[in-house]
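Input: a single structure, listed below in structure tokens.
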Amino acid sequence: GPMQGRQAAMTLARKAGEMLAAAAGPRIAVLEMGGWDTHANQMNPNGALANNLRTLDAALAALRDSLGGAWKHSVCLVATEFGREVAVNGTMGSDHGTGGAAFVLGGAVAGGRVITDWPGLSKAQRFEGRDLRATTDLRAVMKGVLADHLKLATAAIENTVLPGSAAVKKLSLLS
């Protein structure tokens, strides 16, 4: 159930934080959390979406806590591969869409901001009349973190890590 999933996510995040905090440990970890493809009952306070958000919150807290003093030098990117449709569907949920959100947190981040070019939610402002219009390419966020935090060369980012992204300007997010 949700509690076992939450415990597993927290354990994984805690172990990742311990490895990342170690002087000779890795500098990057990728954690994946499934179960976000919720099409129904998304406003249910005990439903799948609410439980996933609680699990994500607990896992991020476990990561922060296990990083200890390394948190102040850390960047954590929370991103999704797809967005949701604006309108509520017939089962009180939402279907696959275009626009979504990403969260960037950690002690190295100039936080406390929402960075967006808000497109609006009226039918005329939506992408194809149904989706929140995407205004920021997620690769811009990734490029900013890779260049500014990990000091990767632009050529390496554009040719190897994110091929085809040369036209996307990096978004600087660090303090």
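The values are calculated or read from the model by the stated rules, or taken from the named source; none is laboratory data. In this text, all values refer to a predicted model and were calculated from it rather than measured experimentally. A quick note on method: Cβ atoms are made from the backbone with ideal geometry, for glycine too, and the neighbour counts reach across all protein chains shown. Each accessible area value is taken on the protein alone, full model and side chains, heavy atoms only, with ligands, DNA and RNA left out. Shrake-Rupley method; radii C 1.70, N 1.55, O 1.52, S 1.80 Å.
What to note about this one:
- Of the Cα atoms belonging to region 93-175, the radius of gyration and Dmax stand at 14.9, 42 Å.
- For region 1-91, applying the loop criterion from DSSP together with a ceiling of 11 other beta carbons within 10 Å to the GluC sites (Glu not before Pro) yields 32, 81.
- Column: log10 I(q)/I(0), Debye, Cα scatterers of region 64-128, q = 0.20 Å⁻¹: -0.88
- Helix-only CD estimate at 222 nm, as mean residue ellipticity for the chain, using -39500 (n - 2.57) per DSSP H run (n ≥ 4): -10000 deg cm²/dmol
- Length-normalised contact order for region 74-149 - Cα pairs under 8 Å, 6+ apart - percent: 31
- Computed over region 117-156, the percent of Cα pairs more than 13 Å apart is 61.
- Region 27-175 - charge dipole about Cα centre, Lys and Arg +1 at Cβ, Asp and Glu -1, debye rounded to 20: 440
- Dipole of the chain, positive direction: furthest Cα of 47, 146, 97, with charges on the beta-carbon: 146
- What the Cβ-Cβ distance of residue 148 and residue 87 gives, at R0 = 25 Å and to the nearest 0.05, is a FRET efficiency of 0.10.
- Amide proton proximity set for residue 97, modelled H, under 5 Å, gap of 5+: 83, 84, 85
- Among 118, 71, 36, the sequence by solvent-accessible area, most first, with a 1.4 Å probe is 118, 36, 71.
- Sorted largest first, extent of region 9-77 alpha carbons per principal axis (Å): 45, 19, 17
- Grouping the Cα pair distances of the chain into 5 Å bins from zero gives a pair-distance distribution of 1, 8, 14, 16, 18, 18, 14, 8, 3, 1, 0 percent in increasing distance order.
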